[in-house]
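This report concerns only the one structure given below.
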Amino acid sequence: MPKIVVIGAGIAGVSTAYALLEHGYDVTVLERQRYAAMETSFANGGQLSASNAEVWNHWSTILKGIKWMARASRHSS
Ligand SMILES: Cc1cc2nc3c(=O)[nH]c(=O)nc-3n(C[C@H](O)[C@H](O)[C@H](O)COP(=O)(O)OP(=O)(O)OC[C@H]3O[C@@H](n4cnc5c(N)ncnc54)[C@H](O)[C@@H]3O)c2cc1C
């Protein structure tokens, strides 16, 4: 059985390892932190945005963010 090593146990590494396992590969995940998902994947916004890949530090994204922050909420409590 082919052996595959995935470096990094963030969402990308863990998802990749899971998919490879499902396909019958022998997978080992190496992570430098003590637990999985302790870096970028640790506390993201939890937003599911399929096919929305925006560069966070692009000026248009920053301007959009400022506009959103200044907008009144549409939700009432
Ligand atoms: C503030 C913030 C909010 C976000 N909100 C959202 C959101 O709402 N929705 C969304 O879809 N995305 C969001 N994202 C983006 C999303 O979180 C990242 O794209 C995703 O977590 C990246 O996952 P990753 O597995 O590529 O990287 P990481 O989670 O960083 O995983 C990489 C792993 O590799 C390990 N590693 C690196 N080098 C080595 C090495 N040499 N040996 C061993 N291990 C190593 C690291 O320790 C780390 O655990 C957000 C990001 C941020 C910063």
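Give the residue list of trypsin sites (Lys or Arg not before Pro) in the stretch 23-77 that are DSSP loop and have at most 11 other beta-carbon atoms within 10 angstrom.
On the way: sites: 32, 34, 64, 67, 71, 74; in loops: 32, 34, 71, 74.
Those that pass, being in a loop and sparsely packed, are 32, 34, 71, 74.
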message: Starting from the 7 Å offset along Cα-to-Cβ, what nm value, one decimal, do you get for the label separation of residue 41 and residue 21?
response: 1.1 nm
- prompt: With a 10 Å Cβ neighbour count serving as the proxy for reagent exposure, in which order, fewest first, do 16, 40 appear?
  reply: 40, 16
- prompt: Can you tell which of 17, 4, 53 lies farthest toward the positive end of the dipole of the chain, using +1 and -1 charges on the Cβ of basic and acidic side chains (Lys, Arg; Asp, Glu)?
  reply: 53
message: Starting from the 7 Å offset along Cα-to-Cβ, what nm value, one decimal, do you get for the label separation of residue 53 and residue 66?
response: 2.8 nm
- prompt: Going through the chain, which GluC sites (Glu not before Pro) have at most 14 other Cβ atoms within 10 Å and a DSSP loop state?
  reply: 39, 54
Over the stretch 3-77: Kirkwood hydrodynamic radius from C-alpha pairwise inverse distances, Å: 15.5 Å
query: Size of the dipole of the chain about the Cα centre, Lys and Arg at +1 and Asp and Glu at -1 on the beta carbon, nothing else charged, in debye to 20?
result: 440 debye
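Here, each number is a calculation from the coordinates, and none is a lab measurement. Keep in mind it's a predicted model, so treat the numbers as computed, not measured. Glycine also receives a Cβ, built like all others from the backbone with ideal geometry; neighbour counts cover every protein chain displayed.
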